[in-house]
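Before any comments, here is the structure.
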Amino acid sequence: MNMNMKNDRAAWLKGPEANCSVPPPGQAHPRRFILLGAPGVGKGTQAELLSARLGACQLSTGDVFRAAKSGDACDRTPAINSALDAMRKGELVTDQTVLDIVRERAGCLKCGGGFLLDGFPRTVAQAEALTEILAEEDIPLDGVLSYELPLDTIVARLSGRRTCQKCKAVYHLQSKPPKVAGVCDACGGELFQREDDRPESVKVRMAAYEASTAPLADYYRKRNLLVSVSADGGPEDIYQRTMETLEARA
C-alpha cells in the first residue's frame, strides 16, 4: 500500500459489494493479527500505527456499526439491522449477529495486505467461530496481541481525560493539558469529564472487561497465539516494543 494514501476500507465498512479505494498489494508474507486491550491502553492508536507500517487493514467491528448508523438504510443487511436494533435498545449485539456481519466481509480476511482485527472476537464463542472461518479460507493467524497495563495506570489515564462539550476534542490533565484549564484550545468550549471516565466507573468497566476477556486470552494462550505486550509509555515506545516482541517470537 502507498503509505501516503489511506485505504477507506469500503468493503469492510459498507459490505462486500463495495470496493476499497486503495486495495493493499499482495505481500509475500501478509501479517494477520487480532488485537486485545482494555479501555485506556492505547490499542486503537497501535492499530493505526501497525496498519500504516505493515500495510495491513484495520478491521474494527465498532467502525462497521458506526458506518451503518450514518449510511443509507437501504444498503443495510439483515445482520446490520439486527445489530443496530439491539444497540438502540441498549442490548448487547449477539454473537451470532456479529459473526454474520464478519462472514459477510470474509473477503477482507483474505486481503493480500493482511489484517488487524480490532474489537472482534470478544468472546470464546466468537473466537471458535473465527477459527472455523479462517480454516475454511485457509488463512493463517500470526498471533493475538494483548496490550496490558496495571489497573491503577489505566485508572489514571482514563480519569485524567477531559472532552470538549462543543467539538469533542480530547485532552489529558497530565499528558495533553489545555492551555487554559477547563477550556478547549480549538474552539473555546468547556471541557468536562465523561461519566465513564470517572475512577469508580473505570474500575467497573475494567472488571467487566477482565471477566469477558480472561477466557478469550486463555483460548489463544492454549493455541500458542497470545503475545503479551506492555502498553506502558508513549505510542512509539509501545509500537517498537510490539515489533521487538514479534521478532523475538519469530
Query raised in the report: Only one of these conditions is not met by residue 169: (1) farther than 23 Å from residue 12 by Cβ; (2) among the small types (Gly, Ala, Ser); (3) touching a residue at least 24 places away in the same chain (Cβ under 8 Å); (4) open to solvent by less than 40 Å² (accessible area, probe 1.4 Å). Which number is it?
Result: (3)
Query raised in the report: Looking at (1) touching a residue at least 12 places away in the same chain (Cβ under 8 Å); (2) touching a helix residue (DSSP H, G or I) at 6+ places or on another chain (Cβ under 7 Å); (3) over 30 Å from residue 199 (Cβ atoms), which is the only condition residue 76 fails?
Result: (1)
Report task. For segment 204-221, enumerate the residues that are buried (at least 16 other Cβ atoms within 10 Å of the Cβ) and under 14 Å from residue 152 (Cα atoms). Result -> 205, 206
**Report entry** Residues satisfying the stated conditions in segment 206-243, i.e. of a type in the set (Gly, Ala, Ser) and either assigned to a helix (DSSP H, G or I) or within 15 Å of residue 125 (Cα to Cα) (or both)
**Finding:** 207, 208, 211, 212, 214, 217
Report summary line: Scanning segment 25-59 residue by residue, those among the small types (Gly, Ala, Ser), farther than 15 Å from residue 239 by Cα and out of contact with any Phe, Trp or Tyr (no Cβ under 8 Å at 6 or more places or on another chain) turn out to be 26, 28, 40
Requested in this report: Give the residue, chosen from 174, 193, that is within 22 Å of residue 43 (Cβ to Cβ) and surrounded by 13 or more Cβ atoms within 10 Å (Cβ to Cβ).
Outcome: 193
Query raised in the report: Got at least one residue in segment 138-159 being aliphatic (A, V, I, L, M), in contact with an Asp or Glu (Cβ under 6 Å, 6 or more places away or on another chain) and open to solvent by less than 60 Å² (accessible area, probe 1.4 Å)?
Result: yes
Query - Residue in segment 61-88 that is farthest from the chain's Cα centre (by Cα), counting only those that are over 13 Å from residue 15 (Cβ atoms), surrounded by 12 or more Cβ atoms within 10 Å (Cβ to Cβ) and polar (S, T, N, Q) - result: 82
Query raised in the report: Of the residues that sit in segment 91-126 and are part of a loop (DSSP other than H, G, I, E, B) and in contact with a Cys (Cβ under 8 Å, 6 or more places away or on another chain), which one is surrounded by the most Cβ atoms within 10 Å (Cβ to Cβ)?
Result: 111
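The values are calculated or read from the model by the stated rules, or taken from the named source; none is laboratory data. As the structure is a prediction and not an experimental result, all values here were calculated from the model. Counting neighbours? That spans all protein chains shown, and the Cβs are built from the backbone with ideal geometry, glycine included. Only protein heavy atoms, including side chains, enter the accessible area calculation; ligands, DNA and RNA are left aside. Shrake-Rupley method; radii C 1.70, N 1.55, O 1.52, S 1.80 Å.
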